[in-house]
Amino acid sequence: MLGFGYAVAGVNHAVLLGFATALLAMVPFGATMVFLIACFTLVMQSRITAAVLLLVFASIVVFVADHFVRPALIGASTRLPFLWVLLGIFGGLETFGLIGLFVGPAIMAAVIAMWREGAKPDARASA
């Protein structure tokens, strides 16, 4: 989507910047750095309106992707609620870095599974 936004805004090499944005979106603030560079180049070309519109559009796209799409995709595979996936992503990134993006939700899924198993009443205990 940001590649399309770059093309509409008239940024040179929009496809290349779109690919760089997609690649660096896995790194915290990676996509943000790419679209800020694109906005800066528009400002240097005295295209302030295009830069501001691109900044607003790109900020919305990155916010939605980071806070809704990524947790929904990870949560569907781990059967975790949205909030727990989001906490797992942030905790994993803080603790393990880039690999924590994947390890954090997995650890959170294991903890939630242990919690759910521990909360079940034991049939042997009541007999």
Practice task
Hey, can you tell me all the residues within region 1-30 that are without any contact (Cβ under 8 Å) to a residue 40 or more places away in the chain and either at positive phi or hydroxyl-bearing (Ser, Thr, Tyr) (or both)?
Solution key: His13, Thr21, Phe29
Exercise for the section: Among the numbered conditions (1) without any contact (Cβ under 8 Å) to a residue 12 or more places away in the chain; (2) more than 29 Å from Gly100 (Cβ to Cβ), tell me where Met33 comes up short. Expected result: (2)
Completion exercise
Of Leu86, Leu17, the only residue that is in the same structural domain as Trp115 (by TED's automatic domain parsing) and surrounded by 18 or more Cβ atoms within 10 Å (Cβ to Cβ) is Leu86
Exercise for the section: Kindly indicate the residue of region 6-17 that is part of a helix (DSSP H, G or I) and out of contact with any Leu (no Cβ under 6 Å at 6 or more places or on another chain) and also farthest from Phe102 (Cα to Cα) among those meeting that condition. Expected result: Val8
Handout entry: Members of region 68-83 that are closer than 19 Å to Ala25 by Cβ, surrounded by 18 or more Cβ atoms within 10 Å (Cβ to Cβ) and either at pLDDT 75 or above or of a type outside the set (D, E, K, R) (or both)
Key = Pro71, Ile74, Gly75
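Can you go through Ala58, Ala65 and tell me which one is assigned to a helix (DSSP H, G or I), surrounded by fewer than 18 Cβ atoms within 10 Å (Cβ to Cβ), out of contact with any Cys (no Cβ under 7 Å at 6 or more places or on another chain) and among the small types (Gly, Ala, Ser)?
Ala65
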Completion exercise
The residue that is surrounded by the fewest Cβ atoms within 10 Å (Cβ to Cβ), considering only those in region 21-54 that are at pLDDT 90 or above and small (Gly, Ala, Ser), is Ser46
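The values are calculated or read from the model by the stated rules, or taken from the named source; none is laboratory data. Computed from a predicted model, the values in this text were never measured in an experiment. Neighbour counts run over all protein chains shown; Cβ positions are idealised from the backbone, glycine included.
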